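> Supplied in structure tokens, the structure appears directly below.
Read-outs: derived from the displayed coordinates by stated rules, not from any lab. What you are looking at is a predicted structure, and each value in this text was computed from that prediction instead of being measured. Positions of Cβ are backbone-derived with ideal geometry, glycine not excepted, and every protein chain shown enters the neighbour counts.
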Amino acid sequence: DTEGRLRRENLLFLGLPDAANETWEQSESQILSFCAERLNVTLDPNMIDRAHRVGRFDSSKLRPIVGKFALYKNKMSVL
């Protein structure tokens, strides 16, 4: 299915610190830090096409980050 193929390179990251005006660069940095510190997986920034928060900022809860990896095999290196 087409939609599934479009999302194939995506990973959802939950529980990462959030900020009201977080930029995509900050979201990407959060993913890179999480992978390095918690998963012991070193990623090159070029392995991530884009990263962004889902939903509106609410100080009472953390928004997930969607990370779209450049290649499926980059995503699989995190799993």
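> Out of these labelled values of Cα extents along the principal axes in Å, (1) 38, 30, 23; (2) 34, 32, 18; (3) 55, 24, 23, which was calculated from the coordinates shown here?
The calculated read-out lines up with (2).
> Return one number: the angle in degrees, 0 to 90 and rounded to the nearest 10, between the long axis of the Cα atoms of helix 24-38 and the longest principal axis of the Cα atoms of the chain.
In the chain, helix 24-38 runs at an angle near 70 degrees to the longest axis.
> Still on this structure, I have one more. At a threshold of 8 angstrom on Cα-Cα distance, excluding pairs fewer than six apart, so keeping six or more, what relative contact order does the chain reach in percent?
Relative contact order here is 41 percent.
> Taking the alpha-carbon distance from residue 61 and a cut-off under 18 Å, which aspartates and glutamates remain once sequence neighbours fewer than 8 residues away in the same chain are dropped?
Within reach: 18, 22.
> Modelling each spin label as a point 7 Å along the Cα-to-Cβ direction, I'd like the residue 20/residue 58 distance in nm, to one decimal.
Each label point lies 7 Å from its Cα, and together they span 1.7 nm.
> Starting from the Cα of residue 50, step 7 Å along the direction of its Cβ; do the same at residue 38; then give the gap between the two resulting points in nm.
2.4
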